[in-house]
1. If you check Tyr86 against the conditions, is it more than 30 Å from Asp6 (Cβ to Cβ) and part of a loop (DSSP other than H, G, I, E, B)?
2. Return yes when Gly291 is in contact with a strand residue (DSSP E or B) (Cβ under 7 Å, 6 or more places away or on another chain), at pLDDT 85 or above and under 23 Å from Val220 (Cα atoms) and no when it is not.
3. Among Gly189, Gly221, which is surrounded by fewer than 16 Cβ atoms within 10 Å (Cβ to Cβ), at pLDDT 85 or above and small (Gly, Ala, Ser)?
4. Pull out all pairs, ordered by first then second residue, where Cβ-Cβ is under 6 Å, the residues are six or more apart or on different chains, the first lies in segment 268-295 and is on the phi < 0 side of the Ramachandran plot, and the second is of a type in the set (Asp, Glu) and open to solvent by less than 70 Å² (accessible area, probe 1.4 Å).
5. May I ask you to say which residue of Pro59, Pro46, Pro91 is free of Cβ contacts under 8 Å to residues at least 24 places away in the same chain and under 56 Å from the mean Cα position of the chain (by Cα)?
6. Would you pick out the residues in segment 1-47 that are among the hydroxyl-bearing types (Ser, Thr, Tyr), assigned to a helix (DSSP H, G or I) and open to solvent by 80 Å² or more (accessible area, probe 1.4 Å)?
7. Taking segment 225-258 on its own, how many of its residues are polar (S, T, N, Q), in contact with a Ser or Thr (Cβ under 8 Å, 6 or more places away or on another chain) and open to solvent by 20 Å² or more (accessible area, probe 1.4 Å)?
8. Every residue in segment 259-271 that is surrounded by fewer than 13 Cβ atoms within 10 Å (Cβ to Cβ) and farther than 18 Å from Leu214 by Cβ, please.
Amino acid sequence: MRAYFDTLPAFAAVQKTLSGKDKVVTYGASLFVFLVALLLRAWLDPLMPAGFPFLTFFPAVVICGFVFGVRQGILVSILSGLAAWYFFITPYRFDVSAGTLVAMGLYVFVIVTDLTLIHLMMAAYRAEIAARQETQRLADGQEVMAQELDHRLKNIFATINAIISLSLKNASSAEELAARLRDRLTALGRSNLLLRGLREGEDASLQAVIFQALEPFAVVGTPRFSASGPRVPVGGQTVVVLSLILHELGTNAAKYGALSVGTGQIDLTWRLEQPEGEESRLVIEWRETGGPVPTPPEAGAGGFGSTLMKRVISGVRGQAEMHYPETGAVIRMSLPTDMLRPNETSQPA
């Protein structure tokens, strides 16, 4: 039944504006209905007693208002009233006697009531369509949110699995494993809190990710830490990955590097590069100074941080370089800017 109503011009006009050609057709069809009502009333006139001048015109107005629209119904009601007045109340003249005016007044009352009811019905139909569309929009939004939640949970569990695997490899005792897992999962939680605070369509800035990841080390905003670079938006799993890497670099600096002594300092810089003939890249450089002389890892050995960086960056066509001059560790990461997109699904393997 609903599909049938949607084919009627009056109901179709509620959902979309009719073209000029369609409007002309509706007015033409309304005039045709009026002519049919007029001819039918003239044919019935000899068979009917006096007092029924509007007999065929009432249904004509209702049909036109319901099928073609209220404006078309108004047009037919005016033509029908004039035709009934001229041809059937006092034939071939517009009588203005009291009885005629009362009859015309009753006609106007009935027609206004009918067309008002049709108008209210169309308004209710329009409101029902709007409510249905809003319900569908909300349902679509919930579906998108469910898919995003599912995608994010998969990424989180994959990251947690990588954290556990790498922590097991480098822990020497259950207590050390528990402490490392607690710190790293806390860093993971902070990165997800940062993502949750964003509105739809927003990305976090790289600076915000850096400050959030290094907040536990109490160096952000102090002379011991400097960060500089352009505003670079990052989103999705990239926020989680960078947070984990930066947290691990901060942990290593606190245990063995610049943050393990009172005179150490960390300088963190980033920039966007566009090598000729290559894709654009984000270059992040972590430089420690003023700390103990670093001890380069043995060949083939690597802690959680270096392993995580290598796995993540190699998975997105990136590179990581780690140097250990006497002045302090220098970590240089080069990542394709494609990794920074919110829909990026790169994760540690």
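1. On the way: more than 30 Å from Asp6 (Cβ to Cβ): yes; part of a loop (DSSP other than H, G, I, E, B): no.
Answer is no for this residue.
2. Working: in contact with a strand residue (DSSP E or B) (Cβ under 7 Å, 6 or more places away or on another chain): no; at pLDDT 85 or above: yes; under 23 Å from Val220 (Cα atoms): yes.
It is false that Gly291 is in contact with a strand residue (DSSP E or B) (Cβ under 7 Å, 6 or more places away or on another chain), at pLDDT 85 or above and under 23 Å from Val220 (Cα atoms).
3. Details: Gly189 fails: at pLDDT 85 or above.
Only one candidate qualifies: Gly221.
4. So the pair list comes out as Thr269/Glu285; Arg281/Glu273; Val283/Glu273; Arg287/Asp267.
5. Numbers: Pro46 fails: under 56 Å from the mean Cα position of the chain (by Cα); Pro91 fails: under 56 Å from the mean Cα position of the chain (by Cα).
Selected residue: Pro59, the only one of Pro59, Pro46, Pro91 that is free of Cβ contacts under 8 Å to residues at least 24 places away in the same chain and under 56 Å from the mean Cα position of the chain (by Cα).
6. Applying the first criterion (among the hydroxyl-bearing types (Ser, Thr, Tyr)) to segment 1-47 yields 4, 7, 17, 19, 26-27, 30.
So of that shortlist, the ones also assigned to a helix (DSSP H, G or I) come out as 4, 7, 26-27, 30.
Hits for segment 1-47 are Tyr4, Thr7, Tyr27.
7. Narrowing segment 225-258 to residues polar (S, T, N, Q): 226, 228, 237-238, 243, 251-252.
Add one more test, that the residue is in contact with a Ser or Thr (Cβ under 8 Å, 6 or more places away or on another chain), and what stays is 228, 237-238, 243.
When the remaining residues are screened for being open to solvent by 20 Å² or more (accessible area, probe 1.4 Å), the result is 228.
Residues that pass the stated criteria total 1.
8. So the first thing to find is which residues in segment 259-271 are surrounded by fewer than 13 Cβ atoms within 10 Å (Cβ to Cβ), and the list is 261-263.
The answer is Thr263, and nothing else.
The values are calculated or read from the model by the stated rules, or taken from the named source; none is laboratory data. Note that this is a predicted model, so its numbers are computed, not measured. Positions of Cβ are generated from backbone atoms using ideal geometry, with glycine treated the same way; all protein chains shown enter the neighbour counts. What goes into the accessible areas is simple: the full protein's heavy atoms, side chains included, and nothing from ligands, DNA or RNA. Shrake-Rupley method; radii C 1.70, N 1.55, O 1.52, S 1.80 Å.
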